[in-house]
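For reference, the structure I am asking about is given below.
A short reminder: the numbers here are calculations on the coordinates, not readings from a lab. For clarity, every value in this text was computed on a predicted model and none was experimentally measured. Because the Cβ atoms are built from the backbone with ideal geometry, glycine has one as well, and the counts that use them run over all protein chains shown.
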Amino acid sequence: MFILASASPRRRALLRQIGAAFVSITPAVDEVRDSEHPRDAVIRNALLKARKVAEEYPDHAILGADTAVVLHGQSFGKPRDAAEARHVLSLLEGRQHTVLTGIAWVKDGHAYTDAVESIVRFAPMTAAEIAAYVATGEPMGKAGAYAIQGRAAIYIEELCGSFSNVVGLPLHAVATLARTAGIAMEDGDESA
Ligand SMILES: Cc1cn([C@H]2C[C@H](O)[C@@H](COP(=O)(O)OP(=O)(O)OP(=O)(O)O)O2)c(=O)[nH]c1=O
């Protein structure tokens, strides 16, 4: 049984999808966005989240993650409000961008980190379409103000890379890193 250091229902759903045995605890951390070094920033945030929970549960394996959307060297996290969501979507529509998720396993004081990159291409969206999408409320709490697994799917022309990475947790990389770290993701998993 490991701990997911996250409040994200999406990350929980992804781990349930693969039969992982875990509980989740919300870490109270201040995330940093760094447009110059977005890969370093998502790894740093993932590690911050995992280490925060490790302070209280030092005997457990802990997984943290952080997702950012990067366009033309600018890094976007979750929108603060509907106006920011509309602005971010007006930049993303009709273009391709990168989705970066940093992951960090912490176990016995050791940290194992990685970051995964996917490329997403948005169809053109009119201002009315953007406003209607934002009015659904879906963009809130999502990096880049959209959910590929939700209504935004009708505007996604192309995805190159890991789907689960865009949703918030690159499952292949998480499992690979767990094996490297000797962490069992399922109860009774003898392979780790
Ligand atoms: C791009 C994209 C992001 N997201 C979500 C995944 C993450 O929950 C969120 C990115 O914000 P994060 O700050 O990475 O995560 P979080 O605040 O939701 O949860 P926690 O920090 O407690 O782990 O955006 C989608 O659900 N679908 C998408 O298509």
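Restricting the search to the stretch 71-84, which residues are more than 14 Å from the chain's Cα centre (by Cα), on the phi < 0 side of the Ramachandran plot and in contact (Cβ under 8 Å) with a residue 24 or more places away in the chain? Explain how you work it out, then say what you get.
At the first step, the residues of the stretch 71-84 found to be more than 14 Å from the chain's Cα centre (by Cα) are 71-74, 79-84.
Still in the list and also on the phi < 0 side of the Ramachandran plot: 71, 74, 79-84.
Of everything in the stretch 71-84, those that are more than 14 Å from the chain's Cα centre (by Cα), on the phi < 0 side of the Ramachandran plot and in contact (Cβ under 8 Å) with a residue 24 or more places away in the chain turn out to be LEU71, GLN74, PRO79, ALA82, GLU84.
Another question about this same structure. Restricting to the stretch 87-112, name every residue that is among the β-branched types (Val, Ile, Thr) and within 14 Å of the chain's Cα centre (by Cα). Please lay out each step first, then the result.
Going residue by residue through the stretch 87-112, those that are among the β-branched types (Val, Ile, Thr) are 88, 98-99, 101, 103, 106.
The answer is THR98, VAL99, THR101, ILE103.
Collect the residues in the stretch 1-17 that are assigned to a loop (DSSP other than H, G, I, E, B) and surrounded by 14 or more Cβ atoms within 10 Å (Cβ to Cβ), keeping them in residue-number order.
Taking the stretch 1-17 first, the residues assigned to a loop (DSSP other than H, G, I, E, B) are 1, 6-8.
If the condition is that a residue be assigned to a loop (DSSP other than H, G, I, E, B) and surrounded by 14 or more Cβ atoms within 10 Å (Cβ to Cβ), then SER6, ALA7, SER8 are the ones that fit.
I would also like to ask the following. Which members of the stretch 21-70 meet the condition of being under 21 Å from GLY144 (Cβ atoms), in contact (Cβ under 8 Å) with a residue 40 or more places away in the chain and either more than 10 Å from the ligand (Cβ to nearest atom) or of a type in the set (D, E, K, R) (or both)?
Residues of the stretch 21-70 that are under 21 Å from GLY144 (Cβ atoms), as a first pass: 29-46, 48-49, 64-70.
Among the residues that remain, those that are also in contact (Cβ under 8 Å) with a residue 40 or more places away in the chain are: 31, 33-35, 38-39, 41-46, 49, 64-65, 67-69.
Residues satisfying the conditions are GLU31, ARG33, ASP34, SER35, PRO38, ARG39, ALA41, ILE43, ARG44, LYS49.
Follow-up question, since we're still on this one. Of the residues ARG12, ARG39, ARG86, which single one is of a type in the set (Lys, Arg) and in contact with a helix residue (DSSP H, G or I) (Cβ under 6 Å, 6 or more places away or on another chain)?
Details: ARG12 fails: in contact with a helix residue (DSSP H, G or I) (Cβ under 6 Å, 6 or more places away or on another chain); ARG39 fails: in contact with a helix residue (DSSP H, G or I) (Cβ under 6 Å, 6 or more places away or on another chain).
Result: ARG86 is the single residue among ARG12, ARG39, ARG86 that is of a type in the set (Lys, Arg) and in contact with a helix residue (DSSP H, G or I) (Cβ under 6 Å, 6 or more places away or on another chain).
For the stretch 122-170, how many residues are part of a helix (DSSP H, G or I), closer than 17 Å to LEU100 by Cβ, small (Gly, Ala, Ser) and touching an Asp or Glu at 6+ places or on another chain (Cβ under 8 Å)?
Here is the first cut: in the stretch 122-170, the ones part of a helix (DSSP H, G or I) are 127-135, 143-145, 151-155, 163-167.
Checking the rest, the ones that are also closer than 17 Å to LEU100 by Cβ come to 143-145, 163-167.
From the residues that got through so far, the ones that are small (Gly, Ala, Ser) too are 143-145, 164.
Now narrow it down to the ones that are touching an Asp or Glu at 6+ places or on another chain (Cβ under 8 Å): 145.
Count: 1.
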